[in-house]
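In what follows, a single structure is set out as structure tokens and then discussed.
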Amino acid sequence: MDPTPVQKNFYRANARWLGVGLLCTLGSSFGQTYFIALFASQFMALHGLSDGDWGTLYAGATLTSAALLIKAGQLADTMSLRKLAMLVIAGFALICVGMALHESIVMLFVMVLGLRFFGQGMIGHVGMTATARWFQARRGRAIAITSLGYGIGEAVLPALAVLAMALVGWRGTWLLAAGILTLVFGGALWVLFARDREPQGGETSGPAPGALGRHWTRPEALRHWSYWALFPGILTPSFIGTVIFFHQAHVSGEKGWSLIEMAAGYPVYAVSAMIAVFVAGRIVDAFGALTLLPLFLLPIGLGIVLLGTSDAVWIWGVVLGCIGFGAGFSSALNGAVWAELYGTRNLGAIRALAVSAMVFSTAIGPAITGLLIDAGITLERQGVVMMLWCVWLSAVFVLVARRLRLLIAVPA
């Protein structure tokens, strides 16, 4: 569907600020699991690691980065977002250089920690926080554009990385990533962040309040039932999504599919996620983020359970398509719901704990499911349990969303 003149005007008038969010999420690609995993065989060969050793190191580094994000994420409330973005990009690029040059297993741990902290965590956090703070009336559409960076990275980066490794080697690929982060992302964000967004149309001037007509601090949010009611749903998409990508080799062996055949699923995942995030953005703008709460886990549950329904390789694309659609809904929800409930003044601190929890779930997901696989419980059987969890949680969220709407409706 072509955008209406009003939509075109919105995108054109806000291209600078929408570009900030999109570049931040796209830049996070170099710290995401699907990118780092491309170099796993080189890392294991260099350091003599087994699959279990590599998984343990990766989980430990990711858990440590999750702990650091709880504190560092608050900087989005107290520091100029432009300065913070530049510091994050600089740190991210240095870590990529370190990854190219490292020789010891200790340095590998430190570099993976840095990739997860700056890449998966901080740069995306800066982009999402800025977008949620800058937009209110059309926050859903703005977050859809910001989230597009994740999908673009998932769709194109793996193939480009494989090509780069063939041309310049794996160390050269990390140096190339450092250069791209510094010159392309750093340069563009420095220019785009130079102007703060001024409220327009239906936007409010200054920080927008949340439920009860006030701005919540993180301690206040943590003491309220609403924050913890949302947490199981916030953790589930990243848990299941990481599990399905991390165990691709296991699925390949069990099903008899080649990894080349399975690679076709990446674009399906990315396109589904991008479509979903735009659909979700329109829903958020029209009805509020809470409308997505009972819906966003259902495609993910459907996707994971479909893995056990066929041994034909096409089912892999269907599985990833469903999970990608749910991931798009989840991205839109996570971008908007915290601002909607708790206001934007302390949004960085409030989002930081949620981001940290999502990073935590990406660390424990492969570990837990891997141990179950070792115990003889196949990923297909685990998928049934995950599907039932998604359905049950969606039913609970019908009631949670109803109560949260009443909370938001209470006047200051």
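The values are calculated or read from the model by the stated rules, or taken from the named source; none is laboratory data. What you are looking at is a predicted structure, and each value in this text was computed from that prediction instead of being measured. Reconstructed Cβ throughout: ideal geometry from the backbone, glycine too, with neighbour counts over all protein chains shown. For the accessible areas, the whole protein counts, side chains as well, though only heavy atoms, and no ligand, DNA or RNA atoms are used. Shrake-Rupley method; radii C 1.70, N 1.55, O 1.52, S 1.80 Å.
Table: residues versus (1) of a type in the set (G, A, S); (2) surrounded by 18 or more Cβ atoms within 10 Å (Cβ to Cβ).
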site	(1), (2)
A249	yes, no
E254	no, no
E261	no, no
P267	no, yes
A276	yes, yes
V279	no, no
V284	no, yes
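The residue pairs whose first member lies in segment 186-205 and is in a loop (DSSP other than H, G, I, E, B), whose second member is hydroxyl-bearing (S, T, Y) and modelled with pLDDT of 70 or more, and whose beta carbons are closer than 6 Å, counting only pairs six or more residues apart or on different chains, do not exist in this structure.
For segment 301-314, the criterion of a residue being in contact (Cβ under 8 Å) with a residue 40 or more places away in the chain, closer than 19 Å to C390 by Cβ and in contact with a Ser or Thr (Cβ under 7 Å, 6 or more places away or on another chain) is satisfied by no position. In the condition set (1) in a helix (DSSP H, G or I); (2) open to solvent by less than 40 Å² (accessible area, probe 1.4 Å), V318 is compliant with all but (2).
Filtering G365, G328 for residues that are touching a Ser or Thr at 6+ places or on another chain (Cβ under 6 Å) and in contact (Cβ under 8 Å) with a residue 60 or more places away in the chain leaves a single hit, G365. Residues in segment 287-300 that are touching a residue at least 40 places away in the same chain (Cβ under 8 Å) and either part of a helix (DSSP H, G or I) or open to solvent by 50 Å² or more (accessible area, probe 1.4 Å) (or both): 7 in all. Only a single criterion out of (1) surrounded by fewer than 22 Cβ atoms within 10 Å (Cβ to Cβ); (2) in contact (Cβ under 8 Å) with a residue 40 or more places away in the chain; (3) part of a helix (DSSP H, G or I); (4) of a type outside the set (A, V, I, L, M, F, W, C) is not satisfied by R116, namely (1). Entry remark, segment 368-398: residues being without any contact (Cβ under 8 Å) to a residue 12 or more places away in the chain and of a type in the set (D, E, K, R) number 1 in total. Being modelled with pLDDT under 90 and open to solvent by 10 Å² or more (accessible area, probe 1.4 Å) is a property that does not hold for F325.
Checked against (1) surrounded by fewer than 24 Cβ atoms within 10 Å (Cβ to Cβ); (2) at pLDDT 80 or above, P411 meets all criteria but (2).
The requirement of being among the aromatic types (F, W, Y), at pLDDT below 90 and in a helix (DSSP H, G or I) is fulfilled nowhere in segment 81-97; no residue meets it.
Has segment 355-368 got any residue that is modelled with pLDDT of 90 or more and either of a type in the set (K, R) or more than 21 Å from G73 (Cβ to Cβ) (or both)? Within segment 355-368, not a single residue is modelled with pLDDT of 90 or more and either of a type in the set (K, R) or more than 21 Å from G73 (Cβ to Cβ) (or both).
Cβ separations smaller than 9 Å between residues 6+ apart or across chains give the following pairs from segment 58-83 residues that are in contact (Cβ under 8 Å) with a residue 40 or more places away in the chain and farther than 17 Å from S361 by Cα to residues that are assigned to a helix (DSSP H, G or I) and open to solvent by 50 Å² or more (accessible area, probe 1.4 Å): L75/L87; A76/R133; L81/R133; R82/W190.
Checking G179, G213 one by one, the residue that is modelled with pLDDT of 90 or more and not hydroxyl-bearing (S, T, Y) is G179 and no other. Across segment 210-236, the number of residues qualifying as under 21 Å from A59 (Cα atoms) and open to solvent by 20 Å² or more (accessible area, probe 1.4 Å) comes to 3.
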